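Quick notes on the structure that follows.
The values are calculated or read from the model by the stated rules, or taken from the named source; none is laboratory data. In this text, all values refer to a predicted model and were calculated from it rather than measured experimentally. For neighbour counting, all protein chains shown are included, and Cβ atoms are generated from backbone atoms with ideal geometry for every residue, glycine included. Just so you know, the surface numbers come from the protein's heavy atoms only, side chains and all, with ligands and any DNA or RNA stripped out. Shrake-Rupley method; radii C 1.70, N 1.55, O 1.52, S 1.80 Å.
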Amino acid sequence: MVYQVYLRSFADSNGDGIGDLAGLRSRLPYLAWLGVDALWINPHYPSGGADGGYDVVDYRAVDPEYGDVADLEALVDDARRLGLRVVLDVVPNHTSDRHPWFQAALADPDSSAAARYHFAPPSDEPPNNWQSLFGGPAWSRTPDGRWYLHLFAPEQPDLNWREPSVAADFEETLRFWLDRGVSGFRVDVAYGLFKDAGLRDNPGSYAPTLFGHGPEQAMTWNQPEVHEVWRRWRAICDGYPDTMLVGEVCLADLEQVARYSRPDEMHQSLSFRLLKSPWATESFAEAVQSALDAFGRVGAPASWVLGNHDKERQVTRFGGGTVGTARARAAALLMLALPGSAYLYAGDELGLPQAAVPDEAKRDPIFFRSGGTRAGRDGCRIPMPWNASAGVGFSPEGAAEPWLPIPAEWEQYAVSRQTRDGGSMLTLYRRALALRAALPALGSGDATVGTRGDVLTVRSVGETETVRCVVNMGAGTVLVPCPGSVLLASTARVHHSAGSIALPPDTAVWVTED
Ligand code: GLC
Ligand code: CA
């Protein structure tokens, strides 16, 4: 299981209100205790700060807010001693507008740096109809009137991957970090990089959001040339033992997503069908089955994502309050039963809800670029509550205010409180991860998905045992045959007698077959 650390919000060691590498390092024992295999850290690079670190100024350095390269090496060493791998986030589709290349390109349109971006000569209209995923046109003007392309914020100019020096530089970046002991990379916007060679209009009009692009954006994403990049990156990683590449691939068609993890490309590609599924058996079953099929065809492990730093927290997405929490607990058991790699977003193991962030505290460009019509992603990026005390232990005592406000009532979600509570979300995750580590049927079984009305079943056959995960997604209690034993239930309200289980609404169980 890969645990996604939102570095800025994980743990603050020096009291500036910002999470950092030393803070994360001090919390590694927690991750080992929880049962994590690897951690993926959101971008740690010096950044312009326009998009939560995804606007990188220097790919071979650490933002001083987070520490330095020595801190990262110390983190990797400590993690390894605890049996944890460290995976970094690499951002090849765009740089920050403060990156030295873009600065040089602004200063001189004829510079070699200018060839590394997409510029177009001054004219009244932008070169095409492409839209930014954060809202508005994907083209902005330079001070001297040229257009430049940014599929995200204007502070994130898109790189021109048809210019060979771009590829060469990223390959050096990969080696830089691999030489420092990291176990691989989560590749941001891996379905991007190359654009249509003629920068032609996308067909018709469209209003993009972050996940699941289809044919309406055929000219902007998923160009065939990008796969050659992943082949080269794979060859580099193959030179370092036990490393991996996992791509963020926001395409609607899972067959296309899976092509990014063909045997000579990345080891995995992140798919977001589960993350987008409403609480209903058909939609969950389809999400699971289509991913098993698509990744099975290319021989790659499926990836499962229920939450990340771009999406509303699960508890809230599934209805909020007791209902949302019950569903998030059940969804956790479903995800951790499935074969492949599960990705757990920091704080989801605590059942954190989406926080309401006051407008004046917001940071996300989505909020600003939509003129406030979209709430933005800040509410899923709030600092972690560690202790049930004022300040919730994110920072040392007497520290500056946290970079995003932590709701006062979040003491109730604190790690310290949940570790002592046998019924907490954290305890559920820890138990589930321990079972998953012990039983091959969970996480590496041969899975079949079935539905009957509001009940979803995943039956996983492992080498030595068969486990069924049964989820009741309906409004009434259902009777589930259970000849074997109950390994784990998402609620204490499960009654097992005479070979069957009464499964309440919004709950899940793991049962053995004999
Ligand atoms: C990815 C990241 C997101 C970021 C975007 C631009 O989708 O997950 O947080 O805003 O790329 O880099
Ligand atoms: Ca700090």
For Asp20, state whether it is within 16 Å of ligand 1 (Cβ to nearest atom), buried (at least 23 other Cβ atoms within 10 Å of the Cβ), under 21 Å from the mean Cα position of the chain (by Cα) and not aliphatic (A, V, I, L, M). no
Of the residues in the range 254-312, how many are under 22 Å from Gly474 (Cβ atoms), β-branched (Val, Ile, Thr) and within 20 Å of the chain's Cα centre (by Cα)? 1
Note down all Cβ pairs under 7 Å where the first residue falls in the range 279-306 and is closer than 25 Å to Pro263 by Cα, the second is among the basic types (Lys, Arg) and part of a loop (DSSP other than H, G, I, E, B), and they're at least six residues apart or on different chains. Ala287/Arg273; Ser290/Arg273; Ala291/Arg273; Val298/Arg262
Quick one: would you say Asp201 is open to solvent by 10 Å² or more (accessible area, probe 1.4 Å) and either within 21 Å of the chain's Cα centre (by Cα) or without any contact (Cβ under 8 Å) to a residue 40 or more places away in the chain (or both)? no
Enumerated strands (runs of 3 or more DSSP E) restricted to the range 384-480, each holding at least 2 residues that are in contact with a Gly (Cβ under 6 Å, 6 or more places away or on another chain), open to solvent by 30 Å² or more (accessible area, probe 1.4 Å) and outside the structural domain of Gly324 (by TED's automatic domain parsing): 455-461
Checking Val5 against (1) open to solvent by 40 Å² or more (accessible area, probe 1.4 Å); (2) within 16 Å of ligand 1 (Cβ to nearest atom); (3) aliphatic (A, V, I, L, M), which test does it fail? (1)
Suppose we filter Ala70, Ala114, Ala38, Ala107 for residues that are free of Cβ contacts under 8 Å to residues at least 12 places away in the same chain, buried (at least 20 other Cβ atoms within 10 Å of the Cβ) and away from ligand 1 (no atom under 16 Å from the Cβ); which single one remains? Ala114
Scanning the range 241-269 for residues that are farther than 14 Å from His213 by Cα and within 16 Å of ligand 1 (Cβ to nearest atom) gives Leu245, Val246, Gly247, Tyr260, Met266, Gln268, Ser269
Residues that are in contact with a helix residue (DSSP H, G or I) (Cβ under 7 Å, 6 or more places away or on another chain), on the phi < 0 side of the Ramachandran plot and not aliphatic (A, V, I, L, M), drawn from the range 329-365: Arg329, Pro339, Asp348, Glu349, Pro353, Gln354, Lys362, Arg363, Asp364
Among strands (runs of 3 or more DSSP E) entirely inside the range 1-97, those with 1 or more residues being among the small types (Gly, Ala, Ser), under 20 Å from Asp348 (Cα atoms) and more than 16 Å from ligand 2 (Cβ to nearest atom) are 38-41
Suppose we keep only residues that are more than 11 Å from ligand 1 (Cβ to nearest atom) and surrounded by 15 or more Cβ atoms within 10 Å (Cβ to Cβ) within the range 185-198. Which one would you say is nearest to the chain's Cα centre (by Cα)? Phe185
Considering only the range 73-100, how many residues are open to solvent by less than 60 Å² (accessible area, probe 1.4 Å) and either hydrophobic (A, V, I, L, M, F, W, C) or in contact with a Cys (Cβ under 7 Å, 6 or more places away or on another chain) (or both)? 10
